[in-house]
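Asker: I am attaching a structure below and will ask some questions about it afterwards.
The values are calculated or read from the model by the stated rules, or taken from the named source; none is laboratory data. This structure is a prediction, so every number in the text was calculated from the model and none was measured. So basically every Cβ, Gly included, is an ideal-geometry build from the backbone, and we count neighbours across all protein chains shown. For the accessible areas, the whole protein counts, side chains as well, though only heavy atoms, and no ligand, DNA or RNA atoms are used. Shrake-Rupley method; radii C 1.70, N 1.55, O 1.52, S 1.80 Å.
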Amino acid sequence: MKISLFSLSAVIALTIALSPSFSAAFPTNINRRPHNASPNPNAIADTSNPRSLAVVTSFKNHRVVRINISTKADLKVLTDNEQDLGFDYFTHDKGIGGAIDVRVPAQSFKTFQGLKLNYTTVVEDLQAMIDEEQRTNEVYEEQVWRHTVNQIKNTHSVQGREGGENQIFASPLAASAWFKGYHSYADHVKWLNAQIAGSKGKAKGFSAGKSFEGRPQAGIRFGTGGKHIVFHGTQHAREWVTTMTVEYMITQLLNTKNKKVAGYLKKYTFHIIPIMNPDGFVVSQTTNRLHRKNTQPNGQCLGTDINRNWDSHFGEGGSSTDPCAIDYMGPRPFSTPEASNMARYLRSLPNVAAYLDIHSFSQLWMVPFGYTSTRPGTYAYMDGLAAKAVTALEKVHGTRFRHGDIFHTIYQSSGTSVDYVYEVVKAKVAMAVELRDTGRNGFMLPPDQILPTGEETWAAMAAILDNIK
Ligand SMILES: [Zn+2]
């Protein structure tokens, strides 16, 4: 029996098949809640045990609403109710005059309407969107990816098990099919190994350390320059397009035929991790599509927000002490192995010329600080690079990004990777990027946008690499 890619429905079916007490344990409303759970609706979403097939989180009739915040009073109503109503902030702009996208759980919607905030509905039923994503991926998996793998097997003499897999995942035919859909964690691991094996010694594999559940934070390292460039995707699990985009940039940087790229590899050494939060990523593919945090248990809720857990102005605003909140900072700085490992790895490098933490969504290219409104000493240099990046990005497909410091561009946040890497690691440039889109599809970015997102982000990255001092 095989539970493979995007198997949420398979998991549900299997759960029914395996569990004799299914009907008793899970009433027909599959938005189910453990008996001892609190009324906090976020607790329902985040209680999923990643090791149990029995708990699959449904977002049936959860809405995404865009709330317009015009007064201080609006802001107060929002923050006063966020915990009780289980708001899950999809975007960050909580300032007056701004708008913010929020997931409102089905059972909170009536109360939410009673708050009389000014809002429009962006997504009517989030589960329908998740189901659609899964259907699209199943079709892709069947008709494009498996088909391509078979084609490679038939036209090339593919060697034994591991060598064969590397040959398949690194072949040019596979490269063109890979970015047309989303992939399972297991396939991402194979893909990265294949790039390393196929680089003819140019690239080496490394791991920043082990996740809470013991998965490697696996990366690829190449280049011979004295300036180090570090970037990663998926610090937040549900932001799937970030993994694909980081992988797309790896393929561009490993393209030996491009003269400009050859120059980058002489000037820089690259350290790239497609999946910084592997445990959370697996949860987002198996039990809770909207899981954001890692998987350290915190009483009744699952996970710490890794990007509020770095040892830089920890807990100084824009992070939560509530273990059920999506931005739960953890009990102490670096309580998450994922952040602590990454920090140790970064500190071991002699000269970090640029660090980029790739997120989705909102279309923003940001620099420190998140914790304070005071801008860093080298703000002009960093934001100048960000400006060049978004100009280059827009030229590719017309996608418009905003740029600036985190505090002013979105909202205060503390304990984040970029503040730490700028202040403690002393990286010359630290950037937090939010890829496509601006909310229409949000985390469920359709697969036909993977390649364009990769192309435009690569253009932005090249602009940065061209202009680093
Ligand atoms: Zn994120």
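Asker: In the range 53-92, which residues are over 20 Å from Phe109 (Cβ atoms) and touching a residue at least 24 places away in the same chain (Cβ under 8 Å)? Let's see the steps before the verdict.
Answerer: The initial filter retains those residues of the range 53-92 that are over 20 Å from Phe109 (Cβ atoms), namely 53-56, 70-73, 75-76, 92.
Residues satisfying the conditions are Leu53, Ala54, Val55, Val56, Ser70, Thr71, Lys72, His92.
Asker: How many residues does the range 341-382 contain that are more than 18 Å from the chain's Cα centre (by Cα), of a type in the set (S, T, N, Q) and closer than 17 Å to His271 by Cα?
Answerer: The total comes to 2.
Asker: Which condition number does Met244 fail, the rest of (1) within 16 Å of the ligand (Cβ to nearest atom); (2) assigned to a loop (DSSP other than H, G, I, E, B) being met?
Answerer: Status for Met244: all satisfied but (2).
Asker: Determine whether Asp383 is more than 16 Å from the ligand (Cβ to nearest atom), under 28 Å from Asp101 (Cβ atoms) and either modelled with pLDDT of 95 or more or outside the structural domain of Ala459 (by TED's automatic domain parsing) (or both).
Answerer: Considered against the rule, which asks whether it is more than 16 Å from the ligand (Cβ to nearest atom), under 28 Å from Asp101 (Cβ atoms) and either modelled with pLDDT of 95 or more or outside the structural domain of Ala459 (by TED's automatic domain parsing) (or both), Asp383 comes out as yes.
Asker: Considering only the range 195-210, state which residues are surrounded by fewer than 20 Cβ atoms within 10 Å (Cβ to Cβ) and of a type outside the set (Ser, Thr, Tyr).
Answerer: Step one: filter the range 195-210 for residues surrounded by fewer than 20 Cβ atoms within 10 Å (Cβ to Cβ), giving 197-202, 204-207, 209-210.
Ala197, Gly198, Lys200, Gly201, Lys202, Lys204, Gly205, Phe206, Gly209, Lys210 - these are the residues of the range 195-210 that are surrounded by fewer than 20 Cβ atoms within 10 Å (Cβ to Cβ) and of a type outside the set (Ser, Thr, Tyr).
Asker: Can you name every residue in the range 246-272 that is more than 13 Å from Ala203 (Cβ to Cβ) and touching a strand residue (DSSP E or B) at 6+ places or on another chain (Cβ under 6 Å)?
Answerer: Passing the criteria: Val246, Tyr268.
Asker: Still on this structure, please answer the following. If Ala218 satisfies all but one of (1) out of contact with any Leu (no Cβ under 9 Å at 6 or more places or on another chain); (2) open to solvent by 30 Å² or more (accessible area, probe 1.4 Å); (3) farther than 18 Å from Asn351 by Cβ, what's the number of the condition it fails?
Answerer: For Ala218, the failing item is (1).
Asker: Out of (1) touching an Asp or Glu at 6+ places or on another chain (Cβ under 8 Å); (2) in a loop (DSSP other than H, G, I, E, B), the odd one out for Ala432 is which?
Answerer: Among (1) touching an Asp or Glu at 6+ places or on another chain (Cβ under 8 Å); (2) in a loop (DSSP other than H, G, I, E, B), the lone unmet condition for Ala432 is (2).
Asker: Additional query: Can you name every residue in the range 221-233 that is over 16 Å from Met431 (Cβ atoms) and either buried (at least 24 other Cβ atoms within 10 Å of the Cβ) or out of contact with any strand residue (DSSP E or B) (no Cβ under 7 Å at 6 or more places or on another chain) (or both)? Write out each step before concluding.
Answerer: Of the range 221-233, the ones over 16 Å from Met431 (Cβ atoms) are 221-226.
Once the filter is applied, which keeps residues that are over 16 Å from Met431 (Cβ atoms) and either buried (at least 24 other Cβ atoms within 10 Å of the Cβ) or out of contact with any strand residue (DSSP E or B) (no Cβ under 7 Å at 6 or more places or on another chain) (or both), the range 221-233 yields only Gly226.
Asker: OK, next. Could you list, ordered by first residue, the pairs with Cβ atoms under 6 Å in which the first is in the range 296-308 and open to solvent by less than 10 Å² (accessible area, probe 1.4 Å) and the second is away from the ligand (no atom under 16 Å from the Cβ) and of a type in the set (A, V, I, L, M, F, W, C), at least 6 apart or interchain?
Answerer: Between residues of the range 296-308 that are open to solvent by less than 10 Å² (accessible area, probe 1.4 Å) and residues that are away from the ligand (no atom under 16 Å from the Cβ) and of a type in the set (A, V, I, L, M, F, W, C), the close pairs are Cys301/Ala43; Cys301/Cys324.
Asker: Let me ask something additional. Give the range 286-295 a look and list any residue that's buried (at least 23 other Cβ atoms within 10 Å of the Cβ) and under 12 Å from the mean Cα position of the chain (by Cα), or say none.
Answerer: Those that are buried (at least 23 other Cβ atoms within 10 Å of the Cβ) and under 12 Å from the mean Cα position of the chain (by Cα): Arg289, His291, Arg292, Lys293, Asn294.
Asker: Looking at (1) open to solvent by less than 30 Å² (accessible area, probe 1.4 Å); (2) in contact (Cβ under 8 Å) with a residue 24 or more places away in the chain; (3) within 16 Å of the ligand (Cβ to nearest atom); (4) not hydrophobic (A, V, I, L, M, F, W, C), can you tell me which one Ser320 breaks?
Answerer: So Ser320 meets the others, but not (2).
Asker: Any residue at all in the range 227-234 that is within 16 Å of the ligand (Cβ to nearest atom) and among the small types (Gly, Ala, Ser)? Break it down into steps so the answer makes sense when it comes.
Answerer: Filtering the range 227-234 down to residues within 16 Å of the ligand (Cβ to nearest atom) leaves 231-234.
Now restrict to residues that are among the small types (Gly, Ala, Ser): 233.
The answer is yes; a qualifying residue exists.
Asker: Which members of the range 435-456 meet the condition of being among the aliphatic types (A, V, I, L, M), surrounded by 22 or more Cβ atoms within 10 Å (Cβ to Cβ) and in a helix (DSSP H, G or I)?
Answerer: Once the filter is applied, which keeps residues that are among the aliphatic types (A, V, I, L, M), surrounded by 22 or more Cβ atoms within 10 Å (Cβ to Cβ) and in a helix (DSSP H, G or I), the range 435-456 yields only Ile450.
Asker: What do you reckon, is Val390 within 16 Å of the ligand (Cβ to nearest atom) and assigned to a helix (DSSP H, G or I)? Quick ask: steps written out before the conclusion?
Answerer: Numbers: within 16 Å of the ligand (Cβ to nearest atom): no; assigned to a helix (DSSP H, G or I): yes.
It is false that Val390 is within 16 Å of the ligand (Cβ to nearest atom) and assigned to a helix (DSSP H, G or I).
Asker: Another question, if that's okay. Scan the range 347-363 for residues that are among the aromatic types (Phe, Trp, Tyr) and either away from the ligand (no atom under 16 Å from the Cβ) or in a strand (DSSP E or B) (or both) and jot them down. Break it down into steps so the answer makes sense when it comes.
Answerer: Residues of the range 347-363 that are among the aromatic types (Phe, Trp, Tyr), as a first pass: 355, 361.
Correct list: Tyr355 only.
Asker: List, please: which pairs have Cβ atoms under 7 Å, are six or more places apart or on different chains, and start with a residue in the range 222-244 that is in the same structural domain as Asn288 (by TED's automatic domain parsing) and over 25 Å from Thr304 (Cβ atoms) and end with one that is within 10 Å of the ligand (Cβ to nearest atom) and among the aromatic types (Phe, Trp, Tyr)?
Answerer: If the second residue must be within 10 Å of the ligand (Cβ to nearest atom) and among the aromatic types (Phe, Trp, Tyr), no pairs are left.
Asker: Can you tell me which residue in the range 323-346 is most open to solvent (accessible area, probe 1.4 Å), limited to those that are more than 17 Å from Pro368 (Cβ to Cβ), within 16 Å of the ligand (Cβ to nearest atom) and touching a strand residue (DSSP E or B) at 6+ places or on another chain (Cβ under 6 Å)?
Answerer: Filtering first and then ranking leaves Asp327.
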